[in-house]
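Below is one structure, written out as structure tokens, with a few remarks after it.
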Amino acid sequence: MINIKSKEEVEIMKKGGAILAQVMREVLEHVKPGVSELDLENLANDLILKKGAYSGFKKVEGYKYATCLATNDVVVHGLPKDNKLKEGDIIGIDCGVYLGGFHTDMAETLRVKSQISNHKSQMDKVDRFLETGKRALNEAIKMAKPGNRIGHISQAIQDIIEREGYSVVRNLVGHGVGKKLHEDPEIPGFVYEKIEKTPLIKEGMTLAIEVIYNMGKKDIKTDNDGWTIRTRDGSLSGLFERSVVVTKNGPIILTN
Amino acid sequence: MAHQGSFEIEGIVKESLPNTLFRVELEDGKLILCHLSGKMRMHFIKILPGDKVRIEMTPYDKEKGRIVYRIK
């Protein structure tokens with residue numbers, strides 16, 4: 001059952017989304033070589049509380065952190081650890097905020113650099129990898145308008161990712177978001193049944209669209225801690241996610 | 001936080017219980033409790049023990065499933 005949110009509920013989610021976006025921006029600015037994952041986790045936790053919201057991820061049964069940190073070959077659900085980030089690492093920061101009874105979910109992957117250079121003259125293959133993921137997310141979000149189907153979002157993600165030679169992770173999916181962190185529908189990053197058979201997108205739906213992809217093969221494995229999911233072939237993995245609401249004129253990103 | 005997607009698997013119906021619940025045996029021998037999907041109920045598709053069926057399962061509960069198709 002896909003929950004349609006009323007205009008008032010969407011306004012509450014917009015507030016939560018705005019807070020989440022601010023928290024993410026500050027945490028991303030702190031990503032530098034020498035910073036440890038736990039530093040970022042504690043920073044995110046403090047910022048969320050300071051802005052008057054609650055951590056959405058702590059409401060997940062069995063999860064005690066405010067963020068999931070996915071460095072290099074970790075795909076998703078990385079538990080924040082003590083190790084320090086190195087130059088050239090990639091880190092995917094996934095965070096959720098709970099405000100007014102509603103969740104919002106957002107993730108971004110970033111390259112760890114000692115100085116931020118604005119020119120793209122030295123785009124190596126890792127930068128191209130991340131650029132593809134961002135592009136896939138933007139195209140996927142554009143597909144979230146009334147009259148389209150979930151399959152169109154999946155198709156947009158799969159086309160862009162696979163055209164560059166990367167692989168879409170199959171077992172992990174985007175999802176509806178609202179009173180619960182994970183709601184219907186499931187939004188896979190690949191097309192597995194006829195698009196006409198996937199759910200119809202309607203005005204008022206709130207979707208957390210995720211692009212989860214690997215540089216190498218799509219197979220993944222779970223660590224012994226029961227949460228951390230890594231690529232089976234050790235290749236890098238990227239994660240991008242935004243929570244959007246579908247309106248008459250198209251999608252509006254809640255986490256902005 | 002990413003959500004683990006549901007997947008489809010095949011099995012053989014071992015026994016039928018009240019309220020269109022069925023005990024189904026999967027390929028690896030595990031017995032799970034399945035219910036009939038609403039679409040099949042709507043179209044009055046009968047399931048009897050011995051039928052081969054397609055099940056939809058979630059990775060979050062490995063003991064339950066939903067029967068979505070009766071394979072000929």
In percent, what relative contact order does segment A:27-135 have, based on Cα pairs under 8 Å that are 6 or more apart in sequence? 26
Name the most mobile residue of A:K217, A:K50, A:K58, meaning the one with the largest mean-square fluctuation, in a Gaussian network model of chain A with Cα contacts below 10 Å. A:K50
Pick from A:L69, A:L28, A:L20 the residue whose mean-square fluctuation is largest in a GNM of chain A, springs joining Cα atoms under 10 Å. A:L28
Please state the relative contact order of chain B as a whole percent: Cα pairs under 8 Å, 6+ residues apart? 35
Quick check: pseudo-label points 7 Å beyond the Cα along Cα→Cβ at B:M42 and A:D82, how many nm apart are they? 5.7
Computed helical MRE - 222 nm, chain B, DSSP H runs ≥ 4 contributing -39500 (n - 2.57), nearest 500: -1500 deg cm²/dmol
Within chain A, what whole-number % of the accessible surface is contributed by carbon and sulfur, with the 1.4 Å probe and all protein chains included in the calculation? 48
Let me see the P(r) profile for chain B: every Cα-Cα distance counted, bins of 5 Å, each bin given as a percent of all pairs. 3, 18, 31, 25, 13, 6, 2, 1
With all protein chains present and a 1.4 Å probe, the order of A:H182, A:H77 from largest accessible area down is A:H182, A:H77
Past 22 Å, Cα to Cα, is the threshold; run A:K15/A:K248; A:K5/A:K202; B:K30/B:K52; A:K64/A:K142 against it and keep the listed order. A:K64/A:K142
Using only atoms on other chains, find how many Cβ atoms lie within 10 Å of each Cβ of peptide B:3-10 and report the average. 6
Relative contact order as a percentage, segment A:130-256, C-alpha pairs under 8 Å and 6+ apart, gives 29
Taking the Cα atoms of the protein assembly as shown, what is the range of coordinates along each of the three principal axes, in descending order and whole Å? 66, 45, 37
Cα-Cα separations in segment A:127-256 greater than 17 Å, expressed as whole percent: 56
How much mean residue ellipticity at 222 nm does chain A get from its helices, if each DSSP H run of length 4 or more adds -39500 (n - 2.57) and you divide by all residues, to the nearest 500 deg cm²/dmol? -9000 deg cm²/dmol
B:E15 accessible area, 1.4 Å probe, all protein chains in place, Å² to nearest 10: 80
Karplus couplings for segment A:229-236 from phi (6.51 cos²θ - 1.76 cosθ + 1.60, θ = phi - 60°), rounded to Hz, Gly and Pro as x? 10, 10, 6, 6, 9, x, 7, 5
About its Cα centre, how strong a charge dipole does segment A:7-253 have in debye, to the nearest 20, once Lys and Arg get +1 and Asp and Glu get -1 at the Cβ? 420
To the nearest 10 square angstrom, how much accessible area does A:E8 have with a 1.4 angstrom probe? 130
If the cut-off is a Cα-Cα distance under 18 Å, which aspartates and glutamates reach A:K197, setting aside same-chain residues fewer than 8 apart in sequence? A:D184, A:E186, B:E8, B:E56
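The values are calculated or read from the model by the stated rules, or taken from the named source; none is laboratory data. Here the structure is a predicted model, which means the values were calculated and not measured. Ideal geometry is used to build each Cβ from the backbone, glycine not excepted, and the neighbour counts take in all protein chains shown. Calculation scope for accessible area: heavy atoms of the full protein, side chains included, ligands and nucleic acids excluded. Shrake-Rupley method; radii C 1.70, N 1.55, O 1.52, S 1.80 Å.
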